[in-house]
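The values are calculated or read from the model by the stated rules, or taken from the named source; none is laboratory data. Because the structure is a prediction, the values reported are computed rather than measured. Ideal geometry is used to build each Cβ from the backbone, glycine not excepted, and the neighbour counts take in all protein chains shown. Please note that ligands, DNA and RNA were not included when accessible areas were found on the heavy atoms of the full protein model with its side chains. Shrake-Rupley method; radii C 1.70, N 1.55, O 1.52, S 1.80 Å.
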Amino acid sequence: MPTIGVKRDLLFDALGKKYTDDEFQELCFAFGLELDEVTTEKQMLTKEQGEVAAAANASEEIIYRIDIPANRYDLLCLEGLVTGLLVFQGKVKPPKFEFVEPSKRQLLKIAPSTAQIRPHAVAAVLRNVSFTQESYNSFIDLQDKLHQNICRKRTLVAIGTHDLDTLEGPFSYEAVSPEQIKFKPLNQKNEMTGVQLMDFYATHSQLKQYLPIIRDSPVYPVIYDSKRVVLSLPPIINGDHSKISLKTKNVFIECTATDLTKAKVVLDTIVCLFSQHCDQKFTVEPCDVVKPDGSIASYPELAVREEKILVKRANEYIGINESPEKLADMLTRMYLEAKVQGDFLTVKIPPTRHDVIHACDIYEDIAIAYGYNNIKKSLPAFMQIAKQFPLNKLTEQLREQVAQAGFTEALTFTLCSRDDIARKLNKSIDSMSAVHIGNPKTLEFQVVRTTLLPGLLKTLVANRKMPLPLKLFEISDVVLADEKSEVGARNERRLCAVNCNKTAGFEVVHGLLDRVMQLLSVPWKTGNAAKGYSLQAADDRSYFPGRCANVMYDNVVIGKIGVLHPTVLQAFELTTPCSVVEFTIEPFV
């Protein structure tokens with residue numbers, strides 16, 4: 001959950017009442033929030049950097065650190081928090097947001113080239129804003145909180161705010177080669193090209209984390225005004241020319257994105273929360289965005305939609321018995337205006353509450369307004385007796401028995417490299433039904449494992465100084481690509497055991513296989529018997545020639561047993577022979 005820090009005195013002035021710490025904590029709890037910490041700037045600096053850093057110009061003003069639910073983007077700043085609490089207390093009504101039509105709308109034209117990197121953009125204008133130092137800081141902090149939260153560290157959406165009076169529309173959003181981009185970044189004295197900017201901010205403590213988003217692209221996204229003044233290079237930094245300050249009166253807000261829906265949510269959130277600082281409160285000036293196909297869209301949308309919920313169902317789901325009028329009042333206190341229409345409630349979802357997606361979200365707000373502690377505990381109307389998932393129960397039973405057979409259990413990573421499951425096992429990755437990670441962070445985690453063997457061999461390498469023999473096992477899931485599955489892949493629970501000694505010790509893993517089958521009451525298949533398990537000679541490049549067999553159960557291959565090929569051992573940096581058995585346990589559930 002995101003945590004916001006607000007100055008206590010500033011918060012109480014906005015709320016129009018002073019609270020004790022305990023009283024405010026109770027108010028937060030009733031509203032579904034949590035007062036995480038009461039601290040000061042000096043205390044926070046002391047905790048992070050030591051007393052020496054805290055002694056220099058650190059304020060001792062009381063700060064409330066409040067945990068906000070991750071889906072409540074409208075509470076991520078002082079303005080949104082105060083409005084939400086005042087509406088919850090019934091002191092003010094939920095504000096209505098309106099458009100103010102200018103004589104000529106600002107225009108943002110999206111070039112077709114942006115489809116290569118960051119195809120979407122939205123924009124809006126806040127007119128006649130009056131910033132104080134506190135509201136200015138809150139405005140900047142909200143952008144940062146949104147960037148870290150819904151914007152997913154600027155990968156989905158990047159926000160740019162500009163002093164409109166320093167610019168001249170219409171604006172254009174283009175994708176240009178880095179060498180052609182030249183501007184003065186925010187708070188810098190010299191102009192830089194896109195390439196120079198990447199080098200300059202490579203060591204910047206905050207901005208360096210955003211560079212990889214566009215650095216390797218042949219083109220960078222950039223926003224110009226009509227005089228080719230650069231507004232921003234999203235998602236990295238804004239231009240210094242149009243930076244906002246306490247004197248800024250008209251704010252141009254643009255959001256570039258890879259996800260248009262998220263961009264609309266972010267824009268709605270910013271303009272709704274800070275339109276209260278406009279001379280005409282809760283008003284926003286729309287902008288026209290010309291898309292590459294020539295179509296024109298107006299933003300922000302500030303859409304208000306209606307949902308209908310059944311009063312009886314709301315009471316039943318929560319476990320209360322309240323009148324429709326009382327439920328409507330609860331929802332209105334939660335920023336969702338509601339009216340009674342017979343057995344139904346008509347609920348208006350404002351543009352600040354993008355977290356309300358389904359009727360269950362409305363039921364949740366009713367429960368919060370009613371008070372979770374006020375809901376009487378009751379037994380369910382019908383009884384259910386829980387039991388362990390059969391596959392997990394069998395897994396736990398086998399773990400204990402295999403350990404008693406002298407093997408040590410290992411727990412290895414589910415993700416591994418392509419080499420681990422292919423090249424090192426003398427196989428081709430193209431012939432394997434592996435699930436690949438779309439954008440792996442490291443070479444060690446490129447695919448989901450299709451076999452438990454590489455993990456155990458790596459564990460052997462890490463413990464090769466231990467005395468021999470080393471006998472390891474693991475019972476876990478592998479993931480196999482499967483077109484017939486709903487999600488294109490399926491899990492398979494397997495048992496894998498490795499015996500590492502001066503000699504291969506095939507009889508050790510064979511004996512373990514026999515013991516497991518004995519525990520599962522599966523007989524050795526002889527003659528024309530219908531049921532049972534058996535071994536069938538097989539060729540597998542991971543195993544020594546003539547020392548590999550398929551494990552058969554009811555004439556179906558469920559696994560393999562054998563002695564590992566020397567090249568496999570060499571690939572995993574092992575110098576002693578190993579025998580292996582690996583098979584699925586799902587048919588025995």
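A few notes on this one:
- Selection status of residue 346, more than 30 Å from the chain's Cα centre (by Cα) and among the hydroxyl-bearing types (Ser, Thr, Tyr): yes
- With respect to the conditions (1) in a loop (DSSP other than H, G, I, E, B); (2) surrounded by 12 or more Cβ atoms within 10 Å (Cβ to Cβ), residue 403 falls short on a single one, namely (1).
- In region 369-383, the condition of being touching a strand residue (DSSP E or B) at 6+ places or on another chain (Cβ under 7 Å) and in contact (Cβ under 8 Å) with a residue 40 or more places away in the chain is met by no residue.
- When residues of region 250-263 are limited to those that are open to solvent by 10 Å² or more (accessible area, probe 1.4 Å) and in contact with a strand residue (DSSP E or B) (Cβ under 6 Å, 6 or more places away or on another chain), the one nearest to residue 108 (Cα to Cα): 260
- Test for residue 339: is it in contact with a strand residue (DSSP E or B) (Cβ under 8 Å, 6 or more places away or on another chain) and either at pLDDT 90 or above or not in a helix (DSSP H, G or I) (or both): yes
- Residue count for region 316-325, restricted to those that are surrounded by fewer than 16 Cβ atoms within 10 Å (Cβ to Cβ) and over 33 Å from the mean Cα position of the chain (by Cα): 3
- Taking the criterion of being of a type in the set (Lys, Arg), open to solvent by 30 Å² or more (accessible area, probe 1.4 Å) and within 34 Å of the chain's Cα centre (by Cα), the only residue of region 101-126 that qualifies is 109.
- Residue in region 443-475 that is most open to solvent (accessible area, probe 1.4 Å), counting only those that are more than 10 Å from residue 421 (Cα to Cα), part of a loop (DSSP other than H, G, I, E, B) and in contact (Cβ under 8 Å) with a residue 40 or more places away in the chain: 464
- Given (1) open to solvent by 60 Å² or more (accessible area, probe 1.4 Å); (2) within 23 Å of residue 432 (Cβ to Cβ); (3) over 37 Å from the mean Cα position of the chain (by Cα); (4) without any contact (Cβ under 8 Å) to a residue 24 or more places away in the chain, index of the condition residue 547 fails: (4)
- Region 510-563, subset among the small types (Gly, Ala, Ser) and part of a strand (DSSP E or B), residue farthest from residue 400 (Cα to Cα): 546
- The lone criterion from (1) among the basic types (Lys, Arg); (2) over 45 Å from the mean Cα position of the chain (by Cα); (3) open to solvent by 60 Å² or more (accessible area, probe 1.4 Å) left unmet by residue 541 is number (2).
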